[in-house]
Amino acid sequence: MSEEKAPQKLLLVDADTNQRALLTDFFKRHDFQVAQASNGSQARKILRRGSQDVLVVDLSLPDSDGIGLIQLARRDNPGAIVMVITDKAGESLGLKALRAGADDLFQRPVRLRVLGEAIKKAQDRRTFLRESHLVGNSPAMRRIYETIEQIAPTNITAMIVGESGTGKELVARAIHLKSRRRSGPFLAVNCGALAEGIIDSELFGHERGAFTGAVSRRAGYFELADGGTLFLDEVSELPPATQVRLLRVLEEQEFMRVGGTSTIKVDVRLIAATNKDLEEAVEQGQFREDLYYRLNVVLVHIPPLRERRDDIPLLMQTFIEQYRHQAKARFQGISSQAVELLKQYNWPGNVRELRNLVESLMVLSPDREVRPEDIPKYLRPRAAPSANLPVRVDKTREQAEREIIYKTLLGLRADVAELKELLASEHRPRPPMEVHSRHVDLVEEGGQAQQEPAGETVQFPVGTDMSRVERDMIRKTLQHTGGNRKKAAKLLGIGERTLYRKIQAYGLNG
């Protein structure tokens, strides 16, 4: 009998003798090897003897609420399918079980057919995830799996967003494998790795003689992916001209090769990915707004590993099994204390860093179990927050967003106060005006204190519009400082950001 057809092991934990007998008979008829437990203590003994493929746990146990049992199963047997049973009065307990890692929740009386279908669906998902190398039982990862199942059968364009090392290409492959295009090609292109001078040729191909070195016609990635899926990673790195061509392909499903004169029709599903804030890139004029909205039809956000730490044991187990199979390596495992230590690490390199760590541990510590004291030497020292970053990397996403909003509100308050003062000044009586440039001692880079030369006296007649006064003062001060905005802002007694805004408003860039 092949491994796929071998009976799966199922642990049934239920204090109700009659229900336990009914469920046992049902699962045996569906080719499960069933172990029974009437309480949490018996269940723990069975779990310690070996792993189980499926757990069906009644939360109304005499010696336990079942939550601790689920947590134990998730820690020692993270790949198992866990189904929980509760009564209506235990709904809140059932929600706790789902947060602890249960796959699904059923109320009494249990409909056997529905329970069996749910287990079959969970098994199919496990098989699919194993084939696509996606790993994780956290709520965030489950939402990603649900999104994949919803969008995969369609031709809808998806945008995958996540930090480097989170597995964006794996999600793109999973969408392809779940789609009707799975028999077609899947091509992954890192846009950031393509030189700007050849990126159009790589994506759309070229004709012979299109440029120096084009000795023959060459098909691009869009042609090669016809009938399948093209994954563009680091799409934010595309130059503006290529963004225009990409938009046309998305809208018309046709393009011309570089140096070509005829259009080529293709049937390609596009999935894009980025680790940057594309909305900010649009605001800064670095990415086309129309292309952004065309790519961002469905957004799939992959959380960093530090936001799904409970997935770390399952990820480690997966990497250990993969490396054992590939390298025929022996390994004594990692102690539970060492795993807990790894769950506290911040993982700046995300899943990719965890994989590399596991491989290092297996190579360098093959003959004994890895202990907590073995771990620190393999981890990167935690870097201090960079002054160039808008928020510290150890903050949660919600904290970072709140801080950005708070800083924005403070800036708006300052701007409103400045506007009020400007409006108030418009209504004050205007005496004859004589404005002198200010004398300010400045310390140059060489450390010598130098006196700014006295500026010219600028006179304005009574009734002169304030905007003209302000514009001329800014213009003359910039001339006086040789265009140095920092010095000009200091001389004018305003902030650099305020000066920059006024320069833009008065058209003084030239």
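The values are calculated or read from the model by the stated rules, or taken from the named source; none is laboratory data. The structure displayed is predicted, hence computed values, not measured ones. A quick note on method: Cβ atoms are made from the backbone with ideal geometry, for glycine too, and the neighbour counts reach across all protein chains shown.
Looking at the stretch 135-180 only, could you name the residues that are over 22 Å from residue 190 (Cβ atoms), in a helix (DSSP H, G or I) and without any contact (Cβ under 8 Å) to a residue 60 or more places away in the chain?
139, 142, 143, 145, 146, 149, 150
Please work out which residue is surrounded by the fewest Cβ atoms within 10 Å (Cβ to Cβ), limiting yourself to the stretch 340-354 and to residues that are without any contact (Cβ under 8 Å) to a residue 40 or more places away in the chain and out of contact with any strand residue (DSSP E or B) (no Cβ under 9 Å at 6 or more places or on another chain).
344
Please determine whether any residue of the stretch 43-62 is out of contact with any strand residue (DSSP E or B) (no Cβ under 9 Å at 6 or more places or on another chain) and under 10 Å from residue 15 (Cα atoms).
Yes; the residues of the stretch 43-62 include at least one that is out of contact with any strand residue (DSSP E or B) (no Cβ under 9 Å at 6 or more places or on another chain) and under 10 Å from residue 15 (Cα atoms).
Does residue 204 satisfy being of a type in the set (Phe, Trp, Tyr) and out of contact with any Phe, Trp or Tyr (no Cβ under 6 Å at 6 or more places or on another chain)?
So residue 204 fails the test.
Give the residue, chosen from 319, 331, that is in a loop (DSSP other than H, G, I, E, B), surrounded by 19 or more Cβ atoms within 10 Å (Cβ to Cβ) and either hydrophobic (A, V, I, L, M, F, W, C) or in the same structural domain as residue 269 (by TED's automatic domain parsing) (or both).
331
If I filter the stretch 263-286 for residues that are in contact (Cβ under 8 Å) with a residue 40 or more places away in the chain, over 30 Å from residue 303 (Cα atoms) and in contact with a Phe, Trp or Tyr (Cβ under 9 Å, 6 or more places away or on another chain), do I get at least one hit?
Within the stretch 263-286 (the criterion being in contact (Cβ under 8 Å) with a residue 40 or more places away in the chain, over 30 Å from residue 303 (Cα atoms) and in contact with a Phe, Trp or Tyr (Cβ under 9 Å, 6 or more places away or on another chain)), the answer is yes, since at least one residue qualifies.
Residue 313: surrounded by 18 or more Cβ atoms within 10 Å (Cβ to Cβ) and within 19 Å of the chain's Cα centre (by Cα), yes or no?
no
Quick one: would you say residue 132 is without any contact (Cβ under 8 Å) to a residue 60 or more places away in the chain and under 23 Å from the mean Cα position of the chain (by Cα)?
yes
Could you check residue 125 against (1) of a type in the set (Lys, Arg); (2) touching a Phe, Trp or Tyr at 6+ places or on another chain (Cβ under 7 Å); (3) within 26 Å of residue 278 (Cα to Cα) and say which number it fails?
(3)
Being farther than 28 Å from residue 127 by Cβ and at pLDDT 90 or above is true for just one of 42, 33. Which residue is that?
Only one candidate qualifies: 42.
List pairs: first in the stretch 317-330 and among the aromatic types (Phe, Trp, Tyr), second at pLDDT 75 or above, Cβ under 6 Å, 6+ apart or cross-chain?
Pairs that qualify, where the first residue is among the aromatic types (Phe, Trp, Tyr) and the partner is at pLDDT 75 or above, are 319/355; 319/358; 323/359; 323/362.
Out of the stretch 189-226, which residues are under 29 Å from the mean Cα position of the chain (by Cα), surrounded by 13 or more Cβ atoms within 10 Å (Cβ to Cβ) and assigned to a loop (DSSP other than H, G, I, E, B)?
Of everything in the stretch 189-226, those that are under 29 Å from the mean Cα position of the chain (by Cα), surrounded by 13 or more Cβ atoms within 10 Å (Cβ to Cβ) and assigned to a loop (DSSP other than H, G, I, E, B) turn out to be 194, 198, 220, 225, 226.
With the structure loaded, tell me whether residue 186 is in contact with a His (Cβ under 8 Å, 6 or more places away or on another chain), within 22 Å of residue 236 (Cα to Cα) and surrounded by 14 or more Cβ atoms within 10 Å (Cβ to Cβ) or whether it fails that test.
Yes.
Please find, within the stretch 130-155, the residue that is farthest from residue 323 (Cα to Cα) out of those that are buried (at least 16 other Cβ atoms within 10 Å of the Cβ) and not aliphatic (A, V, I, L, M).
Among those that are buried (at least 16 other Cβ atoms within 10 Å of the Cβ) and not aliphatic (A, V, I, L, M), it is 147.
With the checklist (1) more than 13 Å from residue 230 (Cα to Cα); (2) surrounded by 17 or more Cβ atoms within 10 Å (Cβ to Cβ) in hand, flag the one item residue 158 doesn't pass.
Only one criterion in (1) more than 13 Å from residue 230 (Cα to Cα); (2) surrounded by 17 or more Cβ atoms within 10 Å (Cβ to Cβ) is unmet by residue 158, namely (1).
Does the stretch 295-310 include one or more residues that are polar (S, T, N, Q) and in a helix (DSSP H, G or I)?
no
Output the number of residues of the stretch 343-373 satisfying the condition of being under 16 Å from residue 305 (Cβ atoms) and either outside any helix (DSSP H, G or I) or β-branched (Val, Ile, Thr) (or both).
Here the count works out to 7.
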